[in-house]
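Here is the structure we will look at.
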Amino acid sequence: MAQVSMKVDGVVYEDHVEPRTLLVHHLREKLGRVGTPIGCDTSNCGACILHVDGESVKSCSVLAVQADGTEITTIQGLADGPELHPVQKAFREHHGLQCGYCTPGMVMAAVDLLKNNPSPTEDEVRHGLEGNLCRCTGYQNIVKAVLSAASEMRGEGPIAGSFQDAPEPAGASA
Ligand code: FES
Ligand code: FES
């Protein structure tokens, strides 16, 4: 067993872990931070993305011992008390989710994307989120939510409209 210390969502945790324990398992099973889901066993879905020292990381591809001494923010620590982060608000307002399974990873990846590029184009958002898979194929509203959050965070206000403005799927009829 190895001793690890990490600050997770503002709280310092000291623990002993097996050297092979993945960070996502440590967070979920030992620390009860179950807001970060596991969506695959191939490190390609992005559902488990969180921030380690401010950078997006797939927590299923990192060992808990590698996170020793770091500061971690999960989806559960993103809001400022009762005040949702602008990206969280935009996902809600633009219906950027269906089942919600991919949402924690999408939101955390989007926050990192906007930190590095506060004025992304639609293409840049799509490119920036290409490591995140949504099995409900809700990409249209996810992209719109991220663009709206970017506008809000630049002080230009959210993009008007809601998910109802999204184009209907091919074949849909009134
Ligand atoms: S659970 Fe980590 S990438 Fe899928
Ligand atoms: S909303 Fe269901 S997987 Fe993305």
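Just so you know, all these numbers are worked out from the coordinates, no wet-lab data involved. Quick caveat: nothing in here was measured; it's all calculated off a predicted structure. Cβ placement follows ideal geometry from the backbone for every residue including glycine, while neighbour counts extend to all protein chains displayed.
When you scan region 52-84, how many residues do you find that are part of a loop (DSSP other than H, G, I, E, B) and surrounded by 19 or more Cβ atoms within 10 Å (Cβ to Cβ)?
6
So how many residues does region 51-65 have that are free of Cβ contacts under 8 Å to residues at least 40 places away in the same chain and β-branched (V, I, T)?
Qualifying residue count for the region: 2.
For region 19-29, which residues satisfy the criterion of being free of Cβ contacts under 8 Å to residues at least 40 places away in the same chain and within 13 Å of ligand 1 (Cβ to nearest atom)?
Within region 19-29, V24, H25, R28 qualify.
Are any residues in region 106-149 over 17 Å from S56 (Cα atoms), in contact with a helix residue (DSSP H, G or I) (Cβ under 7 Å, 6 or more places away or on another chain) and loosely packed, with under 13 Cβ neighbours inside 10 Å, and if so, which ones?
Matches in region 106-149: S119, E122.
Checking E29 against (1) farther than 20 Å from A110 by Cβ; (2) surrounded by 19 or more Cβ atoms within 10 Å (Cβ to Cβ), only one condition comes out false. Which one?
All conditions are met except number (2).
Can you go through G32, G39, G46 and tell me which one is away from ligand 1 (no atom under 15 Å from the Cβ) and assigned to a loop (DSSP other than H, G, I, E, B)?
Going through G32, G39, G46 in turn, the sole match is G32.
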